[in-house]
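What follows is a set of notes on a single structure, which appears directly below.
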Amino acid sequence: MKKTLTSLLCAAVSLTLLSLACGEGSPPQVPQPLEDGGVLWTECSPEGAREDCSQGESCIFVASHDRHLCVRACDSQTACEHPDAVCCPSSGEGAEGGHCVPSNACVPTDAGVDGGSNEETDGGALEDGGTSTDDGGTQEEDAGVDPEPDAGTDPEPDAGVDPEPDAGTEPDAGTDAGTDAGTDAGTDAGTDGGTDAGHTPIRVMASNLSSGNYQSYDPGHGIRLIKGVDPDIVLMQEFNYGSNSAADIRSLVDQIAPGFHYSRETGAQIPNGIISRWPIIQFGQWPDPQVSNRDFAWARIDIPGPRDLWAVSVHLLTSSSSNRNAEAQAIVNQVRSQIPEDDYLVIGGDLNTDSFSESCFATFRQVVTTAGPHPADHNGNTGTNRNRNKPYDQILVDQDLRQYQQATVIGSSTFPNGLVLDSRTYRPLSEIAPVQSGDSSSSNMQHMGVVKDFLVPNF
């Protein structure tokens, strides 16, 4: 839940960059949490500022937080992008401009800098004046909006998908992908899958790669990261783009992979969804018992061969491991009641887990395998959060599918257990064009993409 700045906060900044006034006796504040496990005003160290902070940010000591934080420069012409930030002026003779700090953490001087009023956003002003929540990070949830999806019902997506598909009926997803059941996949999604007439390579990606101010893919960093690894199935979180009209969502999907099928949950502020090379023949959403601004999105995908693949896109809470375990158990219950044991199953996305020892992994083991080895980057790092020290994002599959997992091969690079995609460490970038080196460190990017590959028989 958002942390309210209950007393007048202020920050004394090193190098005399900011002029701030602090209340007596106020305890040090911590960087405010985002719903996806990241934080605003990320903690940093002066020695590692280049790695910790995004481009355009400086690592500055803020006394009210009693730590160094990454803050973005601002001036009278460049306002702070986030609605809960204020442009606090620099101090000292000849000082110009300032830096964006938490609202109410700064008492502006007469330096002529626009204070950056905290206006109401479309989601409505937050009562506690906070920045983001651990259960959604959006204003509407605190305002009491509840989509109230029915358990197990097929939603009526506005994203260009047939709202009421019957089993065996192909939703048009706005276009015809040109593939059907039993068709050889043909393309290898950039992998050296050893494809033959009897097998289909399937690349699955977990993507909480939104970088827009309101958890959207609008800026394009996440789009490039997905395109760069050419997945067949994408488990999307924060599936927002433009106005979220059917045309805008169709545009997002086509930028990632023209003509692919997709489904996207409705009634959610930060919806989950699935993008697929193959037809989606059923889809829906299961209620998340712990949060009201998104659910668990599922899709039944008609991959080549006699078995279907069921994909479940999830976004668990940051609030506590016990809440994440409750969410995991709710997913397990739905899987057991609705998904045929003979079909393939993948559960993936943003789990927000702090370690592999969390109880939710033991809960998920009832229906999928969770044991390592896990995907990693070129350096062997399995962390998927911005600072690369926690396993937030996962692709978990049942034993039927796990037996067909193979190495992820991109260009001349091989990742035996799958890839954690970090543009800051991936070399050469030419292998994953159009990815740019700063995509994974862009503002509001709090996660890395995760990729696993499978070679599935068509019989």
Check: Among the residues of region 410-440 satisfying the criterion of being more than 20 Å from Ala257 (Cα to Cα) and among the β-branched types (Val, Ile, Thr), which is farthest from the chain's Cα centre (by Cα)?
Finding: Thr414
Checklist line | Every residue from region 416-427 that is open to solvent by less than 60 Å² (accessible area, probe 1.4 Å) and not β-branched (Val, Ile, Thr) | finding: Asn417, Gly418, Leu419, Leu421, Asp422, Ser423, Tyr426
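Here's the yes/no breakdown for (1) modelled with pLDDT of 95 or more; (2) open to solvent by 10 Å² or more (accessible area, probe 1.4 Å); (3) hydrophobic (A, V, I, L, M, F, W, C); (4) in a helix (DSSP H, G or I):
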| residue | (1), (2), (3), (4) |
| --- | --- |
| Gly348 | yes, no, no, no |
| Asn352 | yes, no, no, no |
| Thr363 | yes, yes, no, yes |
| Val368 | yes, no, yes, no |
| His374 | yes, yes, no, no |
| Asn381 | yes, yes, no, no |
| Lys390 | yes, yes, no, no |
Next item on the list: Considering only region 196-265, give the strands (runs of 3 or more DSSP E) lying wholly within it that have at least 1 residues that are more than 27 Å from Thr318 (Cα to Cα).
Entry: 199-207, 261-264
Checklist line | Single condition Ala328 does not satisfy, out of (1) of a type outside the set (Val, Ile, Thr); (2) surrounded by fewer than 23 Cβ atoms within 10 Å (Cβ to Cβ); (3) in contact (Cβ under 8 Å) with a residue 12 or more places away in the chain | finding: (2)
Check: Any idea which of Arg386, Arg365 is free of Cβ contacts under 8 Å to residues at least 40 places away in the same chain and of a type outside the set (A, V, I, L, M, F, W, C)?
Finding: Arg365
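The values are calculated or read from the model by the stated rules, or taken from the named source; none is laboratory data. The structure displayed is predicted, hence computed values, not measured ones. Heads up, the Cβs are rebuilt from the backbone with ideal geometry, glycines too, and the neighbour counts pull from every protein chain shown. Side chains are part of the model used for accessible areas, which takes the heavy atoms of the whole protein and leaves out ligands, DNA and RNA. Shrake-Rupley method; radii C 1.70, N 1.55, O 1.52, S 1.80 Å.
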